[in-house]
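Novice: This is the structure I want to talk about, given as structure tokens.
The values are calculated or read from the model by the stated rules, or taken from the named source; none is laboratory data. Bear in mind the structure is a predicted one, so any value in this text is a computation, not a measurement. Methodologically, a virtual Cβ is constructed for each residue, glycine included, from the backbone with ideal geometry; neighbour enumeration extends over all protein chains shown.
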Amino acid sequence: MLTVNAYAAPSAAEPLVPSTVVRRDLGEHDVLIEIKFAGICHSDIHTVRGDWGPQQYPLAPGHEIAGVVTAVGSAVTSHAVGDRVGVGCMVNSCGECTSCLAGEEQYCLVGNIGTYGSVDRDGTVTQGGYSTHVVVTENFVVRIPESLALDVAAPLLCAGITTYSPLRHWGAGPGTRVAVIGLGGLGHMAVQLAHAMGAEVTVLSQTLNKRDDGLRLGADHYYATSDPETFAQLAGSFDLIINTVSAVLDISAYLMLLAIGGTLVNVGAPGEPLPVNAFALITGRRSFAGSCIGGIRETQEMLDFCAEHGLGAQIEVIEASQINQAYERVLASDVRYRFVIDAATFAEGAAGLEG
């Protein structure tokens with residue numbers, strides 16, 4: 001067993017503190033990764049604060065992991081020491097159900113094993129990327145192309161694939177009109193990806209405060225949803241809408257922005273139900289759908305796509321000691337557009353704890 005430095009939440013009501021977590025011994029199909037950077041996802045905050053249900057504490061979150069392989073198990077063939085790699089939102093699945101066999105491990109019928117807060121195959125609770133090292137089975141480790149810096153690549157393991165997957169599935173491309181609700185951690189990636197795929201891209205945000213950023217990232221149009229004229233002006237305008245907001249919205253109003261046969265896909269995960277007026281669906285053969293990250297094969301495809309098109313997350317790199325402050329800033333929408341933790345500073349925090 002390997003004990004490594006980390007930051008963890010002692011309970012749902014307490015801030016994260018310097019801690020340690022235990023990693024399992026390296027199995028024959030395992031990869032040991034020295035974490036270089038870990039992104040902060042809104043999901044981390046929801047999970048450690050118990051918004052999505054009770055957790056076992058202490059809990060180290062983090063599922064946007066970029067690092068370097070430092071050891072491999074005896075049977076590993078897909079990765080080697082020195083490889084630049086990433087780990088996203090899951091670290092295992094049953095591997096045998098129809099979803100897993102189709103390369104859609106995120107929809108494992110048995111239930112995939114999350115990178116943190118899940119019961120692992122050995123009965124322990126998984127601990128995430130807010131740490132210096134992690135051990136992951138090789139099939140859930142992806143390659144980070146050389147042209148992607150590790151710090152900007154880390155958020156792609158969640159924010160990137162969460163938006164890439166529905167854009168690909170629902171056919172974003174030349175001739176399609178795509179709207180993105182919210183220009184945050186997820187939204188700023190959705191805009192870049194949809195633009196690179198060739199779609200006409202519109203951002204729907206509460207205000208015009210981030211308009212210049214949206215246009216710089218690839219949006220063709222930018223509208224404030226706080227302006228009541230927006231919904232009247234854009235009625236029936238879009239083939240696909242990606243909702244990246246983790247808050248309760250008037251989904252029925254946004255459904256009316258879809259063209260006939262259009263789809264609104266929810267990738268944000270609010271803690272409360274989203275009510276929908278059935279007539280908003282019926283009157284235009286519209287669809288309201290959901291999408292959850294992507295499989296390992298599609299995640300690798302996304303990373304290669306980003307490398308090919310020069311895409312990456314817009315980030316602010318912080319030290320581990322700034323995590324709790326960063327959480328409050330995420331909740332206040334005060335980040336453009338993803339916090340990324342320098343994993344070297346996890347060791348510094350632990351040293352201070354020992355002192």
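Novice: Please name all residue pairs, on different chains or six or more residues apart, with Cβ atoms under 9 Å, provided the first residue is in the stretch 23-36 and is at positive phi and the second residue is of a type in the set (Phe, Trp, Tyr) and part of a strand (DSSP E or B).
Specialist: Taking only residues 6 or more apart or on different chains, not a single pair turns up.
Novice: Go through the stretch 141-164 and report how many residues are over 15 Å from the mean Cα position of the chain (by Cα) and either under 19 Å from residue 294 (Cβ atoms) or buried (at least 22 other Cβ atoms within 10 Å of the Cβ) (or both).
Specialist: Counting residues in the stretch 141-164 that are over 15 Å from the mean Cα position of the chain (by Cα) and either under 19 Å from residue 294 (Cβ atoms) or buried (at least 22 other Cβ atoms within 10 Å of the Cβ) (or both) gives 5.
Novice: Could you check, for the stretch 123-138, whether at least one of its residues is under 16 Å from the mean Cα position of the chain (by Cα) and in a helix (DSSP H, G or I)?
Specialist: Checked against the condition, which is being under 16 Å from the mean Cα position of the chain (by Cα) and in a helix (DSSP H, G or I), the stretch 123-138 yields no hits at all.
Quick grid of which residues meet (1) in contact with an Asp or Glu (Cβ under 6 Å, 6 or more places away or on another chain); (2) basic (Lys, Arg); (3) farther than 20 Å from residue 298 by Cα:
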{"residue": "4", "(1), (2), (3)": "no, no, yes"}
{"residue": "13", "(1), (2), (3)": "no, no, yes"}
{"residue": "33", "(1), (2), (3)": "no, no, yes"}
{"residue": "47", "(1), (2), (3)": "no, no, yes"}
{"residue": "54", "(1), (2), (3)": "no, no, yes"}
{"residue": "70", "(1), (2), (3)": "yes, no, yes"}
{"residue": "78", "(1), (2), (3)": "yes, no, no"}
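Novice: Next question, about the same structure. For the stretch 69-91, enumerate the residues that are part of a strand (DSSP E or B) and not basic (Lys, Arg).
Specialist: 69, 70, 71, 72, 85, 86, 87, 90, 91
Novice: Report every pair of residues separated by at least 6 positions or lying on different chains whose Cβ atoms are under 8 Å apart, first residue within the stretch 333-351 and in the same structural domain as residue 42 (by TED's automatic domain parsing), second modelled with pLDDT under 90.
Specialist: Close Cβ pairs satisfying both conditions: none exist.
Novice: Filter the stretch 59-91 down to residues that are of a type outside the set (A, V, I, L, M) and more than 22 Å from residue 155 (Cβ to Cβ) and give me whichever is surrounded by the most Cβ atoms within 10 Å (Cβ to Cβ).
Specialist: Going through the qualifying residues, I end up with 73.
Novice: Which count do you get for residues in the stretch 328-344 that are modelled with pLDDT of 95 or more and crowded, with 20+ Cβ neighbours inside 10 Å?
Specialist: Residues that pass the stated criteria total 5.
Novice: Surrounded by 17 or more Cβ atoms within 10 Å (Cβ to Cβ), within 26 Å of the chain's Cα centre (by Cα) and under 30 Å from residue 112 (Cα atoms) - does that describe any residue in the stretch 222-241?
Specialist: Within the stretch 222-241, one or more residues are surrounded by 17 or more Cβ atoms within 10 Å (Cβ to Cβ), within 26 Å of the chain's Cα centre (by Cα) and under 30 Å from residue 112 (Cα atoms).
Novice: Now for a different question. Only one of 223, 254 is part of a strand (DSSP E or B), touching a helix residue (DSSP H, G or I) at 6+ places or on another chain (Cβ under 9 Å) and more than 18 Å from residue 162 (Cβ to Cβ); which?
Specialist: Exactly one residue qualifies, and that residue is 223.
Novice: So in the stretch 122-132, with the set limited to residues that are surrounded by fewer than 21 Cβ atoms within 10 Å (Cβ to Cβ) and in contact with a Lys or Arg (Cβ under 9 Å, 6 or more places away or on another chain), which one is modelled with the lowest pLDDT?
Specialist: That would be 122.
Novice: On to the next question. Can you work out which of the residues in the stretch 165-185 that are closer than 17 Å to residue 219 by Cβ and within 12 Å of the chain's Cα centre (by Cα) is surrounded by the most Cβ atoms within 10 Å (Cβ to Cβ)?
Specialist: Per the criteria, the residue is 185.
Novice: Further, regarding this structure: Of all residues being hydrophobic (A, V, I, L, M, F, W, C) and either in a loop (DSSP other than H, G, I, E, B) or not assigned by TED's automatic domain parsing to the domain that holds residue 134 (or both) in the stretch 92-105, which is surrounded by the fewest Cβ atoms within 10 Å (Cβ to Cβ)? Just the residue, please.
Specialist: Top of the filtered list is 102.
Novice: List the helices (runs of 4 or more DSSP H) inside the stretch 277-355, counting only whole elements, that have at least 2 residues being more than 19 Å from the chain's Cα centre (by Cα) and aliphatic (A, V, I, L, M). Working first, answer last.
Specialist: On the way: elements: 278-282, 296-309, 323-331, 344-354.
By residue number, 278-282, 344-354.
Novice: Return the only residue of 236, 268 being closer than 18 Å to residue 159 by Cβ and in a loop (DSSP other than H, G, I, E, B).
Specialist: From the options 236, 268, the qualifying one is 268.
Novice: Look at residue 190 and say whether it is at pLDDT 95 or above, under 30 Å from residue 332 (Cβ atoms) and outside the structural domain of residue 10 (by TED's automatic domain parsing).
Specialist: It is true that residue 190 is at pLDDT 95 or above, under 30 Å from residue 332 (Cβ atoms) and outside the structural domain of residue 10 (by TED's automatic domain parsing).
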